[in-house]
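What follows is a set of notes on a single structure, which appears directly below.
The values are calculated or read from the model by the stated rules, or taken from the named source; none is laboratory data. Note that this is a predicted model, so its numbers are computed, not measured. Reconstructed Cβ throughout: ideal geometry from the backbone, glycine too, with neighbour counts over all protein chains shown. These accessible areas exclude ligands, DNA and RNA; they are computed on the full protein's heavy atoms, side chains included. Shrake-Rupley method; radii C 1.70, N 1.55, O 1.52, S 1.80 Å.
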Amino acid sequence: ELFLLRLARGARLTKVLGGMRMRKPPFVRPLLREPKSELRKYLEDNNEEWRDDASNADPSYGKRNRARLEVVPPLDALCEGGLSSKLDNLRRQAEAVQAWIDAEADTVLAARRSGALPLATYREAPEPVRLEVLDRLAADAAATDGSYAVPYAVLCDAD
């Protein structure tokens with residue numbers, strides 16, 4: 001459902017497909033990629049009870065629940081039960097693309113002289129790299145000068 005919510009917001013390709021991260025301090029999600037069926041089986045084998053949050057079954061509780069309950073099941077049926085694995089394949093591809101974007105953005109930002117980025121270097125970079133460079137520059141500005149914090153937060157919300 002995270003994929004669908006990001007898609008609906010108009011996020012960039014690598015952000016739409018990026019998925020939830022297993023590690024994003026201060027959180028660590030070691031079981032994130034484990035199928036629910038495997039987790040349930042493990043608990044059953046160890047005489048433990050599975051617990052569901054009742055609010056997750058209420059489509060009126062929010063967009064995430066509506067996506068999970070009303071949109072994902074038909075998509076999964078179209079994929080003959082393979083939606084999760086297909087999205088996981090796309091996520092891995094998006095991670096590879098993001099790694100390339102990150103490396104290229106590092107190269108562009110390394111061209112800074114006295115903090116200034118040569119416009120020609122910026123213009124020559126592919127659009128996804130330029131967007132990453134802007135993200136980083138805005139994040140740096142927000143970290144050093146709170147006046148950029150609110151506008152940057154608004155920009156990040158689109159991703």
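Against the criterion of solvent-accessible heavy-atom surface with a 1.4 angstrom probe, Tyr42, Tyr122 sort, most first, into Tyr42, Tyr122. Considering all alpha-carbon pairs of the range 9-54, what whole percent are spaced by more than 18 angstrom? The answer is 53 percent, as a whole percent. Which one of Ala111, Ala57, Ala99 is farthest out on the positive end of the charge dipole of the range 38-151, using unit charges on Cβ (Lys, Arg +1; Asp, Glu -1) and the Cα centre as origin? After comparing all options, I get Ala111. Stretching Lys36 away from Leu109 to a fully extended chain increases their span by 22.1 nm, per 0.36 nm per residue minus the current alpha-carbon distance.
Over all other residues within a Cβ to Cβ distance under 13 Å of Glu48, the charged ones net out to 0, with Lys and Arg as +1 and Asp and Glu as -1. Please compute the net charge surrounding Leu109, taking Lys and Arg as +1 and Asp and Glu as -1 over other residues with Cβ under 13 Å from its Cβ. So the environment of Leu109 carries a net charge of -2. Roughly what would the spin-label model give for Ser55 and Leu134, points 7 Å off Cα along C-beta, in nm? Roughly 3.5 nm, to one decimal.
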